[in-house]
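Okay, structure first, notes after.
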Amino acid sequence: MRLFQMMQVFVRLAELGSFTRTAEALQMGRPQITRSIQELEASLGVRLFHRTTRKVRLTSEGELFYERAMAILGDVAEATSMFGRPNAPVHGRLRLGIPTAFAQPGFIQSLRSFTILYPEVDLALGVTDRTVDLVAEGVDCALRIGELPDSSLIARQIGKVTMITCAAPDYLRAHGTPTTLDDLRAHRAVTFLSGQNRRPLPWQFRDRGSDQPYFSHRGITVDDSNAYVECGVAGFGILQAPGIALDRYLADGSLIEVLQTNRPSPRPVSVLYPSRSHLAPQVHIFIEWLREQFPLLYGRWLES
């Protein structure tokens, strides 16, 4: 049993890269984490981590042991779950990351329904448009919009989100309403700067049976989702964003959809998590709940 516990501590430390964060995640004292790793290294006769004042990383021996430890812990978790009590309450902290587009009243209210269903699960909600390092930052799972780059993370597509092109009524009165893609050349745009490299994110339009990218070189560029939408409402130009982020503005007339016949294909929405093995029950339950509930979370803008 002691070896099993030391393996659990080892795996968490390997994932988080910090004794302090590991102690917080496992609700243990930092000295206990240190002693556990020292005892494990002594029993194996190898050094598992390179330690500096700021970072902990696996040695080559540690990397080999990590693979085996993950497999063993996963097998044990699978074996014990075979006889688990089906009605046993799920409990623990769930660290969830979502993009700003989803931080809307309808989606937040839906999360409340999850906490009512599972009252022993405490949500820790992070909202950001930057790419979150799930392992380094201790995030259990995160939602992402759009195509995903290759990574070691597990990605599961749970649905799609409708993209809307729109502008403020005052802007359209002053500059005219575009009815074709060629008309866009005469218009100003609100362009979103995406990611750490701050590259302009292209719009997409359905044209001749497929989605085509479009870049505007006129207008304002913004690197925050809330400011991005507000610039559109203020009349800086045309913008394109997930319908879930525009719902209230479209409903009250602050924004008007344009080029509806050229709406791009809905963009995929995926839930990401670090590993299939040793997945905490609260994370597994949330992913399954989200997969089933996703089309109902925010009306017409989300689909399965």
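Nothing in this text is a laboratory measurement; each read-out follows from the coordinates by a stated rule. Since the model is a prediction, treat every value here as computed from it, not as a measurement. All Cβ positions, even for glycine, are placed from backbone atoms using ideal geometry, and neighbour counts span all protein chains on display.
Data for the structure
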{"item": "Dipole-positive endmost among I72, L123, L111 within the chain (Cβ charges, Cα centre)", "result": "I72"}
{"item": "C-alpha long axis of helix 281-293 to longest principal axis of the chain, angle in °", "result": "20 degrees"}
{"item": "Charge context of L26, other residues only, Cβ under 12 angstrom, K/R +1, D/E -1", "result": "+2"}
{"item": "Helix-only mean residue ellipticity at 222 nm for the chain, each DSSP H run of n ≥ 4 adding -39500 (n - 2.57), per residue, nearest 500", "result": "-11500 deg cm²/dmol"}
{"item": "Within the chain, percent of DSSP bridges classed antiparallel, to nearest 5", "result": "65 percent"}
{"item": "For L123, residues with placed amide H under 5 Å, excluding near neighbours", "result": "L94"}
{"item": "Whole-percent pair-distance distribution, where bins are 10 Å wide, for the alpha carbons of the chain", "result": "5, 23, 27, 20, 14, 8, 2, 0"}
{"item": "Tensor-based shape of the range 1-58 (alpha-carbon gyration tensor, a/c under 1.5 rounded, otherwise prolate or oblate)", "result": "oblate"}
{"item": "Farthest toward positive dipole pole in the chain [+1 Lys/Arg, -1 Asp/Glu at C-beta], among Q240, V46, L134", "result": "V46"}
{"item": "Net charge dipole size for the chain [Lys, Arg +1 and Asp, Glu -1 on Cβ; Debye, nearest 20]", "result": "420 debye"}
{"item": "Two-site label geometry, W289 and R51: point separation in nm, points 7 Å out along Cα→Cβ", "result": "3.9 nm"}
{"item": "Footprinting exposure proxy for S194, S18, S304 (fewest neighbouring C-beta atoms within 10 Å first)", "result": "S304, S194, S18"}
{"item": "Leading residue at positive end of dipole, the chain (Cβ point charges), from L255, S60, P178", "result": "S60"}
{"item": "Relative contact order (%) - the range 2-81, alpha-carbon pairs under 8 angstrom, separation at least six", "result": "30 percent"}
